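The values are calculated or read from the model by the stated rules, or taken from the named source; none is laboratory data. Keep in mind the model is a prediction, meaning the values are calculated, not measured. Note: ideal-geometry Cβ built from the backbone for every residue, glycine included; neighbour counts use all protein chains shown. All accessible areas refer to the heavy atoms of the entire protein, side chains included, with ligands and DNA or RNA removed. Shrake-Rupley method; radii C 1.70, N 1.55, O 1.52, S 1.80 Å.
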Amino acid sequence: QQGSVSFVTLFCVYFNFLRPHSALEKKVPVLIPELDKLPNMPAKWTKLISLSQDWLMDQTP
């Protein structure tokens with residue numbers, strides 16, 4: 001079950017933050033400026049994970 005939850009979570013991230021949509025003129029639904037300047041998908045994934053970790057650390061008291 002943990003694997004399926006991880007898969008769905010990663011798919012949602014890809015679909016909303018990384019995948020260009022034809023209905024949005026090849027733009028992603030949720031724009032993150034830090035990702036725009038990166039050259040390829042692996043770099044974007046790495047930056048997104050880093051931003052997520054930073055956000056989690058900021059939430060910890």
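Basic side chains Lys and Arg get +1 at the Cβ, acidic Asp and Glu get -1 at the Cβ, and with that the dipole of the chain about its Cα centre reaches some 240 debye.
Counting only alpha carbon atoms, the long axis of helix 2-13 and the longest principal axis of the chain meet at about 40°. Measuring nothing but protein heavy atoms, the accessible surface of the chain at 1.4 Å probe radius is 62 percent carbon and sulfur. For Ile32 and Val5, a Förster radius of 22 Å and the Cβ-Cβ distance give a FRET efficiency of 0.45, rounded to the nearest 0.05.
Might you tell me the accessible area per residue for the chain, computed with a 1.4 Å probe and given in Å²? Spell out each step's value before the answer.
Numbers: 5050 Å² over 61 residues.
Per residue, the chain has 83 Å² of solvent-accessible surface.
The long axis of helix 41-59 is offset from the longest Cα principal axis of the chain by roughly 40 degrees.
Size descriptors for the chain (Cα atoms only): Rg and Dmax, in that order, 13.1, 41 Å. With loop membership from DSSP and a limit of 11 other Cβ atoms within 10 Å, the longest segment of the chain without trypsin sites (Lys or Arg not before Pro) is 1-25. Modelled spin-label separation between Ala43 and Thr60, with each label point placed 7 Å from Cα along the Cα-to-Cβ direction: 2.9 nm.
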